[in-house]
Structure formats: C-alpha cells, structure tokens
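Take a look at the structure below.
The values are calculated or read from the model by the stated rules, or taken from the named source; none is laboratory data. These figures come from a predicted structure and were not determined experimentally. Using ideal geometry, Cβ is built from the backbone for each residue, glycine included, and neighbour counts are taken over all protein chains shown. Heavy atoms of the whole protein, side chains included, go into the accessibility calculation; ligands, DNA and RNA do not. Shrake-Rupley method; radii C 1.70, N 1.55, O 1.52, S 1.80 Å.
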Amino acid sequence: MKFNEIINLIIEQSGGSIDKIDLDKFRELINSAFIFTPSNRWLGISIQKSPLDLMILQEIIYDKRPDTIIECGTLYGGSAYYIACLMDLMNINGKVFTIDNDKLELSTLPKHEIMQIDEELLPIDVYDNKIPSHLKIEYIHSYCLTADIPKYGERTMVILDCDHSAGHVGEELEKFSKMVTVGQYIIVEDTNMTEEHSPAEAVQKFLKNNKDFVVDKSREKYGITSN
C-alpha cells in the first residue's frame, strides 16, 4: 500500500472525509516535514531532500549508471556528496557537476567526530555547513542558465533544483534536456508544490512540446515525492 493510500485510510478511519480536505496540500506538508523537520544529513552534510526521494535516486543511479550527473542548485553540497558517494559504492567512474550562483566555502579538512550507532562507536566527518570536497564533484559557480559544463559523458542525467518558478524551470528544461542522453532522466524537483506558476506547470508545458521525454510514474512508488 502506498503512503498516500495509508493517509486516506487513516483519514477515513478517524471519521474524516478525504473529499473535504485538500489532499495535495496535505501531502505537500507531509513531504516538507520529511525534508525540513528535523534537518537531514548525509555523512554529516546538510541535505534538503526527502529520504524517500533519496532512496529513489539511489535506485535510478544503480539502474541507469550515469557517468555524468548535472545538478542545478548546490546549497550545502549534500546531494552532490550523496551522489558522489553512491558512485563510489557502485564503482561508477563518473562526475557530478553541481551549479550554484552562490559561492560557498569548500571544506578540505573535515572535523572528525565519534557517533554511537548500535552500541558501536563509529567515526563520522562533520563539515560545519561548508560544502564537501570529493574527487567526483566539480563545483561550478554560475547562474545555471548561462553555466558552461566542461565535458559530459555517454550517459548523462540532470537534476533541476534551483529557482522554482515555472518560467525559470522551463528555461532550464530547454537548456539541459539537450544534454540528457537516451535512457537517462531529468529529475525536476519541487513539482509537488501546489502554488501557481510552479515547476509542475513548466514540466507540463515542456512535455506538450517535447516528445523525447515521458513521466516515469514507476519512480513515484511511495506516493510522497517532491519530484
């Protein structure tokens, strides 16, 4: 049973009516809670993603084995670091190009701390909100629509998580869709937003005019997603 089906069941069993609430808005609030409360971390680095979406991203990378992943929107570098670590685990010789207009300080000397997990003391690296260094990550300080990608490979995937207005996302889709290779993905984030002129609106417009891409509903298997 999908998570959103469980939500419907809970509402009905508690005496409520799913016809009298805005389910899309309700799910958006739940998804935001997964992302922001409490804040999520990957190996000590802040990562503003839902754990459900991170699980799906892992499955996509394992299935498709992209050698190049272009990410629009770096923030703390958590998602780029997560992807680079996945590539290491999967023995993928690839590169993550992550683009952001804000230039953050790169941490090359992480602070080592100890965390107790299942009665075992394990070392972890904490970067104190400085973007992490990794051999597979290349940080590009640029406005994403004018960014120059130095080189991309035979299996290129794109993740859009920058400006969330429909107009901007539409321009991103036009620019970066040309870099995606056959069989790979463009992941458009924050398409669960219910406001007008959101990324979902840009995706719908793009798909009407571009028949090279389709929505893959199988990647929404949990029912709660930002993508």
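Remark: accessible surface ordering of 55, 193, 179, 157 (largest first) is 55, 193, 179, 157, probe radius 1.4 Å.
Taking the three principal axes of the alpha carbon atoms in the range 144-227, the coordinate ranges are 36, 28, 21 Å, sorted in descending order. Projecting the Cα atoms of 139, 180, 35 onto the dipole axis of the chain, where Lys and Arg carry +1 and Asp and Glu carry -1 at the beta carbon, places 180 farthest toward the positive end.
For the chain, give the percent of accessible area contributed by carbon and sulfur heavy atoms, probe 1.4 Å, rounded to a whole number.
Numbers: 6910 of 13020 Å².
In the chain, the share of accessible area belonging to carbon and sulfur is 53 percent.
Using a probe of 1.4 Å, the accessible surface attributed to residue 131 totals some 10 Å² when neighbouring protein chains are kept in position. Highest GNM mean-square fluctuation among 190, 67, 22, for the chain modelled with Cα contacts below 10 Å: 22.
Longer than 24 Å from Cα to Cα, which of 103/211; 25/205; 2/95; 103/217; 49/178 are they? Say none if no pair is. Spell out each step's value before the answer.
On the way: 103/211 36 Å; 25/205 22 Å; 2/95 34 Å; 103/217 35 Å; 49/178 26 Å.
Too far apart for the 24 Å limit: 103/211; 2/95; 103/217; 49/178.
Over the chain, the reciprocal of the mean inverse Cα-Cα separation, the Kirkwood hydrodynamic radius, stands at 18.9 Å. Partnerless cysteines in the chain, where a partner means another cysteine C-beta under 4.7 angstrom, comprise 85. Helix content alone sets the calculated 222 nm mean residue ellipticity of the chain: runs of n ≥ 4 DSSP H residues at -39500 (n - 2.57) each, divided across all residues, give -10000 deg cm²/dmol.
Put 136, 64, 103 in order of accessible area, highest first, and with a 1.4 Å probe you get 103, 64, 136.
Of the listed residues 173, 75, 52, the order by accessible area with a 1.4 Å probe, largest first, is 75, 52, 173.
For residue 62, the accessible surface of its heavy atoms amounts to roughly 140 Å² (probe 1.4 Å, protein chains only, rounded to the nearest 10).
Take the chain with all the other protein chains still there, run a 1.4 Å probe, and you get 57 Å² of accessible area per residue.
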